[in-house]
Amino acid sequence: MADGIVIKLPKDVVTYIFLTFPVKSLLRLKCVSRNLHTFIQSSAFINLHLNRTSIINEEFILFKRSLKEEPDRFRNIMSFLSSGHDNYDLHHVSPDLDVPYLTTTGACTSHRFMGPCHGLIVFTDGEETEVLFNPSTRNYRLLTPSPFDSPLGFHRSIDGIAFGFDSIGNDYKIVRIAELHGEPPFNCFSTREWRVEVFEMSIDSWREVENVDQQLRYVHWYPSADLFYKGASHWFGNENRVHVIVCFDMCTEIFRTFKMPSTCHYKDKNFYCLVVLNKCLTLICYPYLGYEIDPAIDFMEIWIMKEYGIYESWSKTYRIRPLAIESPLAIWKDHLLLLQSISGYLISYDLNSGEVKEFELNGWPDSLRVTVYKESLALIPNSKRPRA
């Protein structure tokens, strides 16, 4: 019956109609008939759905928090949130899910959410576990762990990690910046090497990028600091005691650096966050609560790079009074800054009005993570490796 109705309509009309449907409805339609299943799951329709003209109200929030259950055991929970068209109150759009595979100890504060990229997200514990997840379809896959280990006498730490898309190779990639440094009993702490590991989704395999040691500078990790933008992954780094933004192009696999605004220097009391605001690379500088904060001078500053990669285009757009926060998390609806408070609550700051709002969403302090995404039918690539 459904097939008969669809057949009578021109294909472009059917496509246009289906592009207006939410993902939840399209997933139900896949069960109606084989023809609809094939059509909705085709790469052509998935790409059209992903690139359709969208509005800001179509954005959703993936919110992760960790709840303490035992002295050193936590439950990690994902919530799927949205708001009404006329207000900014958050409500659940579907039941909560437990986060699969990630650590459930106090290390939950090191969890990272990367993306979205084509509607897909990678969450990781920052060391060995990466999970690819589509929050719209709820499909996920545990990715093959990195095979690289530390040579004898060295400790390997992951300082930077990112998820993005290689538009030339038409492939998703995960990039990890690993630092090797000496440890006891050899005590060669001055010895330091950098390694870059790349996971290619299409072949389900890791490899190391050659000849990168001289390109890299020290990479810092802050919450919400790993950003994929303009085809490149971005982290914070230090070059000759000067703060820089380190970029890794997913296509060419070449590193480059951008200078941060002149007010950012290695002796300041600030932490940093990267977001996209008004489609521009945006830097948030916020006071570190480990120091005594002077409300008269220790403001949160938001700098927008109006021309990507051009140092002179940095513009200080907002100066915000100090807030009792652990870190910024995301920009939502292009004017709401989402943050985690020091008490573990999700709060928002309206860049237009200056209003601060606390939501009834909380978790263990410093365990909150937020990703803003739009619905996507993007498929989770299957593993190419045979099962044991």
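The values are calculated or read from the model by the stated rules, or taken from the named source; none is laboratory data. Computed from a predicted model, the values in this text were never measured in an experiment. Cβ sites come from the backbone with ideal geometry, for glycine too, and all protein chains shown count toward neighbours.
Looking only at region 235-257, count how many residues are surrounded by fewer than 23 Cβ atoms within 10 Å (Cβ to Cβ), part of a loop (DSSP other than H, G, I, E, B) and touching a residue at least 40 places away in the same chain (Cβ under 8 Å).
Counting residues in region 235-257 that are surrounded by fewer than 23 Cβ atoms within 10 Å (Cβ to Cβ), part of a loop (DSSP other than H, G, I, E, B) and touching a residue at least 40 places away in the same chain (Cβ under 8 Å) gives 2.
Which of the residues belonging to region 359-388 are among the polar types (S, T, N, Q) and modelled with pLDDT of 90 or more?
Residues satisfying the conditions are ASN362, SER367, THR371.
When region 122-139 is examined, which residues are found to be outside any loop (DSSP other than H, G, I, E, B) and surrounded by fewer than 20 Cβ atoms within 10 Å (Cβ to Cβ)?
VAL131, ASN139 - these are the residues of region 122-139 that are outside any loop (DSSP other than H, G, I, E, B) and surrounded by fewer than 20 Cβ atoms within 10 Å (Cβ to Cβ).
May I ask you to list the residues in region 148-162 that are farther than 12 Å from HIS181 by Cα and either among the β-branched types (Val, Ile, Thr) or at pLDDT 90 or above (or both)?
ILE161, ALA162
Considering only residues that are touching a His at 6+ places or on another chain (Cβ under 7 Å) and under 24 Å from LYS279 (Cβ atoms), look in region 1-58 and name the one that is modelled with the highest pLDDT.
Out of the qualifying residues, it is LEU19.
Show me the strands (runs of 3 or more DSSP E) entirely contained within region 185-224 in which 3 or more residues are over 27 Å from PRO116 (Cβ atoms) and modelled with pLDDT of 70 or more.
Because the criterion is at least 3 residues that are over 27 Å from PRO116 (Cβ atoms) and modelled with pLDDT of 70 or more, the strands (runs of 3 or more DSSP E) in region 185-224 that meet it are 192-200.
Please go through region 26-40 and give me each residue that is outside any helix (DSSP H, G or I) and surrounded by 12 or more Cβ atoms within 10 Å (Cβ to Cβ), ordered by number.
Residues satisfying the conditions are LYS30, VAL32, SER33.
Count, please, the residues in region 149-176 that happen to be touching a Phe, Trp or Tyr at 6+ places or on another chain (Cβ under 7 Å), touching a residue at least 40 places away in the same chain (Cβ under 8 Å) and not basic (Lys, Arg).
9
For region 142-154, how many residues meet the condition of being surrounded by fewer than 17 Cβ atoms within 10 Å (Cβ to Cβ) and either within 16 Å of the chain's Cα centre (by Cα) or within 30 Å of LEU26 (Cβ to Cβ) (or both)?
Number satisfying all stated conditions: 2.
Output the residue which, of all residues in region 333-359 that are out of contact with any Ser or Thr (no Cβ under 8 Å at 6 or more places or on another chain) and in a strand (DSSP E or B), is farthest from LEU90 (Cα to Cα).
So, considering only residues that are out of contact with any Ser or Thr (no Cβ under 8 Å at 6 or more places or on another chain) and in a strand (DSSP E or B), the one farthest from LEU90 (Cα to Cα) is SER341.
Can you find, within region 60-110, the residue that is modelled with the highest pLDDT among those that are among the charged types (D, E, K, R) and in a loop (DSSP other than H, G, I, E, B)?
Only one residue tops the list, namely ASP72.
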